[in-house]
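Scroll down for the structure; my scribbles are underneath it.
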Amino acid sequence: MNKRELYERKFGARAPAIVEAMTATFAEMGETYSIGGNVGDTFDSHRLLAYAESVDDDYATQNALVEELFKDYFTREKCVSDRDVLLAAAQAVGLQDAAKVLDDPTAFADAVEDQKRAFAGRHQIRGVPYFIINGKYHLSGAQPPDILAEAIEEAIGVA
């Protein structure tokens, strides 16, 4: 499905205002937001992110991968359910064996389902993005950079 069509279906008359707000937020970060491209089932991207979480103790690989996938989706008009997009993102962040994970539909599937149940139920998550910062601060939906920065600073005790 086309991303623009999805937004219009999901948000109705609010879609243009949401796109305008997203465009402004991305511009503040030096990025160009795009409503182009397609959307699809993101289960494989979540499996790949669960795998990335397992490769180091500080989430560095997972954070780099999610950043790459967000840029693919929000600025590069790429579909993050596409295998080639997922493999390119994994390669860009140095994640080895991504193809093996994607080739096995059971790899990290249980981890993703467990996370969905735990987080969605406990935090009543109904949409994405949804940020849990340092286990304390919860932000739902696209947020301006200053709000994200403030929440991160508070969560780590800098503010």
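The values are calculated or read from the model by the stated rules, or taken from the named source; none is laboratory data. Just so you know, these numbers come straight off a predicted model, no measurement behind them. Cβ coordinates were reconstructed from backbone atoms using ideal geometry, including for glycine residues, and neighbour counts include every protein chain displayed. Accessible surface areas use protein heavy atoms only, side chains included; no ligands, DNA or RNA. Shrake-Rupley method; radii C 1.70, N 1.55, O 1.52, S 1.80 Å.
One table, with the values for the structure above:
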quantity: Using θ = phi - 60° and Karplus 6.51 cos²θ - 1.76 cosθ + 1.60, couplings along the stretch 143-148 (whole Hz; Gly, Pro as x); calculated: 10, x, x, 5, 5, 4
quantity: Portion, in percent, of the accessible area of the stretch 32-149 that falls on carbon or sulfur, probe 1.4 Å; calculated: 50 percent
quantity: Hull-based mean projected area of the chain, where the convex hull spans the alpha carbons, in square nanometres; calculated: 9.9 nm²
quantity: Mean separation of Cα contacts under 8 Å (6+ apart) over length of the stretch 40-109, as relative contact order %; calculated: 39 percent
quantity: Total formal charge among the other residues, if their Cβ is under 11 angstrom from that of T25, Lys/Arg +1 and Asp/Glu -1; calculated: -4
quantity: FRET efficiency for I156 and D56, using Cβ-Cβ distance with R0 set to 22 Å, rounded to 0.05; calculated: 0.70
quantity: Charge dipole magnitude, Cβ of K and R +1, D and E -1 - the chain, Cα centre, debye nearest 20; calculated: 700 debye
quantity: Given charges at Cβ of Lys, Arg, Asp, Glu: the stretch 1-121 dipole, positive-most of F74, G36, A17; calculated: A17
quantity: Alpha-carbon centroids, the stretch 88-159 and the stretch 1-57: separation in whole Å; calculated: 14 Å
quantity: Estimated FRET transfer efficiency when R0 is 35 angstrom, pair A99-I132 (beta carbons, to 0.05); calculated: 0.75
quantity: Surface per residue (accessible, 1.4 Å probe) for the chain, Å²; calculated: 61 Å²
quantity: Helix-only CD estimate at 222 nm, as mean residue ellipticity for the chain, using -39500 (n - 2.57) per DSSP H run (n ≥ 4); calculated: -18000 deg cm²/dmol
quantity: Partner lysines for K100 [C-alpha distance under 29 Å; skip if fewer than 8 residues away on the same chain]; calculated: K3, K71, K78, K116
quantity: In Hz, Karplus ³J(HN,Hα) per residue of the stretch 50-59 (6.51, -1.76, 1.60; θ = phi - 60°; x = Gly, Pro); calculated: 5, 4, 4, 4, 7, 8, 8, 7, 10, 6
